[in-house]
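The values are calculated or read from the model by the stated rules, or taken from the named source; none is laboratory data. Values in this document were obtained by computation on a predicted structure and should not be read as measured data. Positions of Cβ are backbone-derived with ideal geometry, glycine not excepted, and every protein chain shown enters the neighbour counts.
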Amino acid sequence: MKQHLGRQSGVQNVEVSLLDGKVDITPKEDGRIDPAQLLKATYDSGVTVAEMDITARGKIMKEASGGLAFQVAPNQSFACMPNDLSKSSESLSGTPATVTVRGQLFKKPAGKKKAQPASQLQLTILQIQKRE
Amino acid sequence: MNKLAYLVLLLASVAQAQIKHIEMRVEGMT
């Protein structure tokens, strides 16, 4: 799995802990990496992803539907699941301010042994680490 | 002029945006 993930586009380094099933992925300097592709690659290597968290710097945007999105690249953004932290950052939408957040992009539904991840990942903001 | 400055700021902040770290917890690893 480590080699398989290491071959994915934008991956600088992969660390796997067999003890607790933790996989740490460091993106390359430009940060151009596709979490959905990594999820698929992980499933393809024969293991089940229980959850995926990211730390990223980006901008809070307002979607046409009225919901919030977190933009990490000009052509890459994740819809934000509404919670207290997303509400508190709503005032930043449409401003040039960047924030560094830690959030959950995927969590396996409870009770299911194996679940294919959704193609459209949604971000649940867990922590706002920095506002710039 | 103000619009141009705002656009430059907006583009600069998007250019700085990036994913810094990804962490997964997986099951079934041998």
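Just a few scattered comments:
- Elements of type strands (runs of 3 or more DSSP E) in the range A:2-68, at least 3 residues being within 7 Å of chain B (Cβ to nearest Cβ) and surrounded by fewer than 18 Cβ atoms within 10 Å (Cβ to Cβ): A:22-27, A:48-62
- Selection from the range A:69-86 of residues that are facing chain B (nearest Cβ under 7 Å) and modelled with pLDDT of 90 or more: A:Gln71, A:Val72
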